[in-house]
Amino acid sequence: MSTLLLLRLGLGLSLGWLLSQRATCAAHHEEACPFVDTVNISGSYSTATDSSLHGAYVHNWTVVPRELVTLYDFVIENGQRVPAAPHLRACLCRLRPCVRFCCPAGQLYQLQSRRCLDPDHTHQQQQQQQLASFFSVPCEHMRAVSKDSAYLPWMLHQNGSITHRAHRFTKHYCFTPLLLDHDNDDDDDENGTWSWQPLACAPERLHFVLGVREWTYAICLLICIISMLIVLMVHLACSGMRNSFYGVAVKAYTISVIFGYALLAHLTLHNPANLSTAACRIIPSFALLFLVLSFYILSFISFKLYLSFHGLVLTKLMFWLILGPIVIIAIGWSVYVGFSYHGAKLVLGSDTCWFDPRNWTVMIYFFGPIFVACAISSFFYILTLIRISEEPDLESEKSFESLERNRLKSFWKFFSYTALIWFVFVCSFAVNYYRDEHSHLNYAVCLCTAFHGFAALYALVGKNQQIQNFLRRIEDNK
């Protein structure tokens, strides 16, 4: 009996301890105030052993009640929640007047480099040290608030907020000394007049540019579209290509490229600010759909040529039966990308209707699926070469085998050109990204886009023996 009583007592004590710990954790994880009003007090003196202070903390000679302290496992950087090691933060702005400075004492925030620097003069340091404050830069991109090239007068309130003519300013700001007669703080003129001014969070927006480079790209897209139209018309006119799997696949490819490049030209020449929110998401989603689908059509052609050297013949109906599920998957992918977010912004339809060149989303959502399609095509090409090498006695004089060999050569010339062109696109984006040139375009991209159309004319028409025979018959009948 005594053993049973001791067991019950132990279970009761354990349960009580767990409930108390759960209540303590809940109190810690409940945010007492917005993150912007908190300061990290990790390492501050804890009065947990002093019952008269009820577990308060002492930070910079300020007693912080326990109910104003919260255990955080994240921080806010550049407006985004970032996981961090668990640490304690206190709502100091509820206990004493708050003012937010960009940099610690003796430093200035430079707008161009976006960081705190040691100035050559330190007459601001004494004024800054006399204020009760904490230091942080709330956003990566900050700007001074001005009107007609003059800084605005602000009223600083006890809770840390600032107002201008009854307009309350957001708490996402920080003060830094600025020269009154200069637009930035990188001037070392000690004789100038300095003023404490708040810097506001200003998300960096991509401004629409329609210059020579953009017009060149649009013209090159038009050249490629015209070239693809010629390839499409020739394959429609050739009776031998009209109803074959290969011919239907080439026609489907050219249609996909035509629509994809036309939508890219539309996005290049139109200001996103003049497009509706729906159009800024639908148009790039369709461009993504057509261009990604075009590469998977090339993989179908590679698969068909591989089967041809095994004696299997695929009809036009089989092409549509195979393409149907892939089109559905491609549509699902484009819809998924259209509704996906990178941080706090949409992947498609934020500052620019196309992929944001300031991050790597284009590599993941656009170039990534294209790379997979190219890998599939290369895999079947290698298998086809292995098949041909295993059968050296294939009678090349037979019309079917001669035709398939010619299609294989012409198709892989075109695929090689296309893969090289898109490799240049990827490299150009990477170069622009590391140069901080916020654009997908350069003149290499423009020239390669036009070359894509010429490559289609050269390989799919000029090197296709069946098409050449058809064109010779037309020439002879004239």
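Here are the numbers for this structure:
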{"quantity": "Cβ crowding within 10 Å averaged over residues, with 344-352, 437-445 ranked highest first", "calculated": "344-352, 437-445"}
{"quantity": "Ranked list, fewest to most other Cβ atoms within 10 Å of each Cβ, for Arg435, Arg143", "calculated": "Arg435, Arg143"}
{"quantity": "Contour minus Cα-Cα distance for Arg96 and Arg242 (0.36 nm per residue)", "calculated": "44.5 nm"}
{"quantity": "Average Cα contact separation per residue, segment 212-477, under 8 Å, 6 or more apart, as relative contact order %", "calculated": "27 percent"}
{"quantity": "Sorted by Cβ density within 10 Å, fewest first, the residues Met241, Met363", "calculated": "Met363, Met241"}
{"quantity": "Amide H within-cut-off set for Tyr151, under 5 Å, with H built and near neighbours excluded", "calculated": "none"}
{"quantity": "Sites Arg435 and Asp476 - FRET efficiency at Förster radius 56 Å, r taken between beta-carbons, to 0.05", "calculated": "0.50"}
{"quantity": "Residues with amide H under 5 Å from that of Cys174, placed H, sequence gap 5 or more", "calculated": "Leu199"}
{"quantity": "Ordering of 259-265, 214-220 by packing [mean C-beta count within 10 Å, highest first]", "calculated": "259-265, 214-220"}
{"quantity": "Rounded to whole Hz, the Karplus (6.51, -1.76, 1.60) HN-Hα couplings of segment 55-68, x for glycine and proline", "calculated": "x, 6, 10, 10, 10, 6, 6, 10, 7, 10, x, 4, 6, 9"}
{"quantity": "Pairs of lysine residues in segment 212-477 - Cα separation under 17 Å, sequence separation of 8 or more or cross-chain", "calculated": "9"}
{"quantity": "Placed amide H near Trp354: partners under 5 Å, 5+ positions off or other chain", "calculated": "Gly349"}
{"quantity": "Likely footprinting exposure, Ser46, Ser334, Ser113, fewest C-beta neighbours within 10 Å first", "calculated": "Ser113, Ser46, Ser334"}
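The numbers here are math on the coordinates, done by the rules we state, and not lab data. In this text, all values refer to a predicted model and were calculated from it rather than measured experimentally. Cβ sites come from the backbone with ideal geometry, for glycine too, and all protein chains shown count toward neighbours.
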